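This report concerns only the one structure given below.
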Amino acid sequence: LCCQCGVPIPPNPANMCVGCLRAQVDITEGIPKQGTLHFCRQCERYLQPPGTWIQCTLESRELLALCLKKMKASLSKVRLIDAGFIWTEPHSKRLKLKLTVQKEVINGAVLQQVFVVEYIVQSQMCEDCHRIEAKDFWKAVVQVRQKTLHKKTFYYLEQLILKHRLHQNTLRIKEIHDGLDFYYSSKQHAQKMVDFLQCTVPSRSKSSQRLISHDIHSNVYNYKSTFSVEIVPICKDNVVCLSPKLAQSLGNMSQICVCIRVTSTIHLIDPCTLQIAEIDGNTYWRHPFNSLFQPKQLEEFIIMDINRVQEKKKSAGAGARSNKHTLAEAWVRKTSELDTDRQYFCCTHLGHILNPGDLVLGFDLVNCNLNDEFANKMNPHNIPDVVLIKKSYDRSKRQRRRNWKLKELERDKEGTDTDDERQYQDFLEDLEEDEAIRKNVNIYRNADIPVESDTDDDGPPRISLAEMLEDLHISQDATGGEGANMMT
């Protein structure tokens, strides 16, 4: 019989029933039933004392471990059998833990007890977010510059940074007239950005640092670092004139070439032979060359007659040729000179998309004043009359039918230029026309514009639905995580 209540029980060392034993002994005595967790609402991390902030989603193993660590000292006298979360409203700022513990009590009897610990989630901004909010506290800056009038390379670079999420550690991004400034709280993050830029665009960099303060007792130095990254001043659709030595080293290609793409290298094509070449950043800075024209100097031509040319016999030492382009000979006339009989003859690499009557944009080399060190020394017979760049389409129609969009970096703008919108539209058109660039960019479907059939062969190039991503908006809870449900 139980020595307290007299109820018949199986014999045990304490000679008491379970109810009386629990009434006599509380094994959870000394274990706190309430606690506090500190949560940063900016970066959605929890504080792990003394100064570490960790990312935990709701009801994750990491969050459970964090809660148990705060009770580690008080749980040392009992044996923890089970621990789990009890469902709470995600916005209640409360976390409840159900714990099962065992302990040896009177005369070796083992008692098991279940109890609930409640944690209150309090908001506290972490040091990293403090620095971001201050916007003036930075230890390193990466200054990206490109000495061109067109920002195509920067728009491409912006999409690469968004895709690889390299903007997460930036304190601030500032846009100025010829580039971007990225501010960081540590030199390591800035160095990571510089390494990324050198892998994605042809560029060169140099660094410097300035001493801010020095503690002579602890020998601690506080520096501010500056990284300067200069991107090659060549953009897509530029006409360039190579030095004779560089043209010879690239397989005896013509000095007058068209830049068809800028990725980690400069992709050039010879419009007269379809010979292609790639120039990396180191080669460019050893043999620099400039663009002969600015994008504003593009003129509109109409194709009067065009003939596809069979493969020309390669000369000795010639390099590779493009398989995506077709060589053609064309007679063109300026749309501004339709009242005259003047026509121009040229070779073009766009024979696969041009037909008589098409409008095409190009540069007029006959009536222009070339001011280039290498072009002025060339034989005039080797300089083409006209270089055609790309087929011209109705821009307003393209904008109406564009059922996709891109994301942009949040940055401080020094001043908006009226020409920026036109340049951005040029970049969007380049994405539609060039599949190779498109592979490196995250393109999102624009739900506001209805989906049309992709089978319009006569219209301008378009991006298929298969290449678009759905633009997801993930709701974030006040207690952290990515909209996770609290499970029972």
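Residue-wise test of (1) touching a helix residue (DSSP H, G or I) at 6+ places or on another chain (Cβ under 7 Å); (2) modelled with pLDDT under 75; (3) β-branched (Val, Ile, Thr).
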| residue | (1), (2), (3) |
| --- | --- |
| 397 | no, no, no |
| 420 | no, no, no |
| 441 | yes, no, yes |
| 457 | no, yes, no |
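For segment 103-123, a residue qualifies if it is at pLDDT 85 or above and surrounded by 15 or more Cβ atoms within 10 Å (Cβ to Cβ), and the qualifying residues are 117, 119, 121. Based on this model, can you work out whether residue 154 counts as open to solvent by less than 30 Å² (accessible area, probe 1.4 Å), within 29 Å of residue 268 (Cα to Cα) and not assigned by the TED database to the domain that holds residue 294? Considered against the rule, which asks whether it is open to solvent by less than 30 Å² (accessible area, probe 1.4 Å), within 29 Å of residue 268 (Cα to Cα) and not assigned by the TED database to the domain that holds residue 294, residue 154 comes out as yes.
Name the one entry in 45, 61, 79 that is among the basic types (Lys, Arg), surrounded by fewer than 15 Cβ atoms within 10 Å (Cβ to Cβ) and under 30 Å from residue 169 (Cβ atoms). Walk me through how you get there before you give the answer.
Details: 45 fails: surrounded by fewer than 15 Cβ atoms within 10 Å (Cβ to Cβ); 79 fails: under 30 Å from residue 169 (Cβ atoms).
Of the residues listed, the single one that is among the basic types (Lys, Arg), surrounded by fewer than 15 Cβ atoms within 10 Å (Cβ to Cβ) and under 30 Å from residue 169 (Cβ atoms) is 61.
Of these, 30, 6, 51, 35, which one is within 32 Å of the chain's Cα centre (by Cα), open to solvent by less than 90 Å² (accessible area, probe 1.4 Å) and over 15 Å from residue 111 (Cα atoms)? The unique qualifying residue is 51.
To keep it simple, each residue is scored yes or no on (1) of a type outside the set (Asp, Glu); (2) touching a residue at least 40 places away in the same chain (Cβ under 8 Å); (3) open to solvent by 60 Å² or more (accessible area, probe 1.4 Å); (4) touching a strand residue (DSSP E or B) at 6+ places or on another chain (Cβ under 9 Å).
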residue: 187; (1), (2), (3), (4): yes, yes, yes, yes
residue: 190; (1), (2), (3), (4): yes, yes, no, yes
residue: 194; (1), (2), (3), (4): yes, yes, no, yes
residue: 197; (1), (2), (3), (4): yes, yes, no, yes
residue: 207; (1), (2), (3), (4): yes, no, yes, yes
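Just one of the listed residues (390, 413, 334) is in contact (Cβ under 8 Å) with a residue 12 or more places away in the chain, open to solvent by 40 Å² or more (accessible area, probe 1.4 Å) and charged (D, E, K, R), and it is 413. Within segment 143-151, one or more residues are farther than 30 Å from residue 51 by Cβ, touching a helix residue (DSSP H, G or I) at 6+ places or on another chain (Cβ under 9 Å) and open to solvent by 50 Å² or more (accessible area, probe 1.4 Å).
The values are calculated or read from the model by the stated rules, or taken from the named source; none is laboratory data. Predicted, not measured: the structure shown is a model, and the values here were computed from it. Positions of Cβ are backbone-derived with ideal geometry, glycine not excepted, and every protein chain shown enters the neighbour counts. The area values use the complete protein model at the heavy-atom level, side chains included, leaving out ligands, DNA and RNA. Shrake-Rupley method; radii C 1.70, N 1.55, O 1.52, S 1.80 Å.
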